[in-house]
1. With a/c under 1.5 counting as rounded, go ahead and sort region 116-164 into rounded, prolate or oblate using the C-alpha gyration tensor (a ≥ b ≥ c being the square roots of the eigenvalues; past the cut-off, prolate if a/b is larger than b/c, else oblate).
2. Taking a quarter of the surface of the Cα convex hull of region 60-138, what do you get in nm²?
3. Under 12 Å from the Cβ of L57, count the other residues' Cβ atoms, weight Lys and Arg +1, Asp and Glu -1, and hand me the total.
4. To the nearest whole percent, what portion of all C-alpha pairs in the chain is separated by more than 29 angstrom?
5. Which net charge results for the neighbourhood of D269, defined as the other residues with beta-carbon distances under 12 angstrom from its beta-carbon, given Lys and Arg at +1 and Asp and Glu at -1?
6. Would you mind calculating the relative contact order of region 9-169 from Cα pairs under 8 angstrom and at least 6 residues apart, reporting the percent as a whole number?
7. Which cross-chain or sequence-distant (5 or more) residues have an amide H under 5 Å from the amide H of K114, H modelled 1.01 Å from N in plane?
8. Using the structure shown, select from K42/K82; K316/K341; K42/K125; K63/K178 the pairs with a Cα to Cα distance greater than 22 angstrom.
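Here, each number is a calculation from the coordinates, and none is a lab measurement. Everything numeric in this text was worked out from a predicted model, so none of it was measured. Glycine also receives a Cβ, built like all others from the backbone with ideal geometry; neighbour counts cover every protein chain displayed.
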Amino acid sequence: MSSKGSFLKTIYIPFEEVKPFLVLPPKAFAFLHLVRFLARNKGYFLYLAGGPVRDFLLKRPVKDLDLVLEGDWKELLPEILKEKGLTLLFQSPFLTYKLKIDEGFTLDLVTARKEIYPEPAHLPKVSPSDFKEDIFRRDFTINALIYGLTPPYEETLVDLVSGLADLKKGLIRPLHLKSFVDDPTRAFRGVRYKVRLRFDFAEEIYLALSEADKVSSFKKLSAQRLINELLLFLFKESLEDLPLLLEETKRLKLLNRTGLVLRKISPKDFEILELALIELSRKEAEKFFLLFLVEISEENLKRLGFSEKERLRLLKWWNYFFKEDSFFKLGIIEKVEVLEKLPLYFVFRLSLEETYREFILKFLKELRFVKPEVTGYDLLSMGVKEGETIGKILKELRRRRIEGELRSKEEELSFVKTLIFQSF
């Protein structure tokens, strides 16, 4: 890897050769034309950076853009926002702007910047800079290639870090050995790139991990930033690749480095995960996936950002199932009622445990949907008085439906008539 500033390679690539790989809505192309015009008139260097450049060089579809400006976006935004349908969503403290281009499509406008990390694993302090400093702040050499859209490197690939050579070799290499000291989330991103692109790690990855260990950088990573990276495994990458992602994470001991204690994950667990993703809301799926990864303990739950109230509830439920040993002493309808009172994401987590897997999967796929066809209104019309008697009868009807003793509404009504007759 070349030292800072000692290497420069440029390759002319006409934009027409890049354009076929840009899978963007028409409005995005119109916006790109506009912003190139405005930047050129101001004498600003505008360029593509990061994943889009890497992907078009690999002949992969580019579905988003990182537009970087060596200049001040505030000078261009008034003209940009005059265009119909363009909306500025927000400005971040890291000198970036998020712009809505079309329904369902947003674009990041990034200022070329320099980053200084005051402490390991802390967010950086940023300041405007030139394209070279912007390149050297990036995570891996293959993501540090830029493609110019205006002079002085218009329609030109610029490589300051031998990123093109690593791209051809299929290597993930950090820009420097303190990379994970500054930002441990880069290691998780490295795993995603390795699996997604089917690349290998350069030796510097392991050296950078060792440097991070010297200052406990991974343990200093905030819970929210750790959570964000883990959820990208689930929602950003292919579900088919998840076993590989977790295996690679385990091999590098990334989660252990953060202070988490992992659970053993079996192939059957991924089948349950697929079922959970169909059933659960996005928020519930996030919680389930975090619990999917680890043993249930106070330390793990706290590290994963669960609030004190959530931790107390989760540990109370967990102790009920694994310390009190009373669940299997219940009748089937009582078991169903216990599970129905729990959040569904926690029930899915229980199904990962061999002790409960068979029954809980049956509950998830079948038992929870079994309900009597006879309703409270039916019972009232048959002369049953309002009150807890109706609830008891409905519960008994459900139990008998679950156990297969009753199979139709007619059989339920016949059973209720027998109960009424016996009560007189």
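1. Since a/c reaches 1.5 but b/c is at least a/b, the shape of region 116-164 is classed as oblate.
2. 6.6
3. Within the 12 Å Cβ shell, the charges total 0.
4. Cα-Cα pairs in the chain separated by more than 29 Å: 59 percent.
5. +1
6. The value is 27 percent.
7. Amide H to amide H, under 5 Å and 5 or more residues apart or across chains, K114 pairs with S127, S129.
8. Table pairs above 22 Å Cα-Cα are K42/K125; K63/K178.
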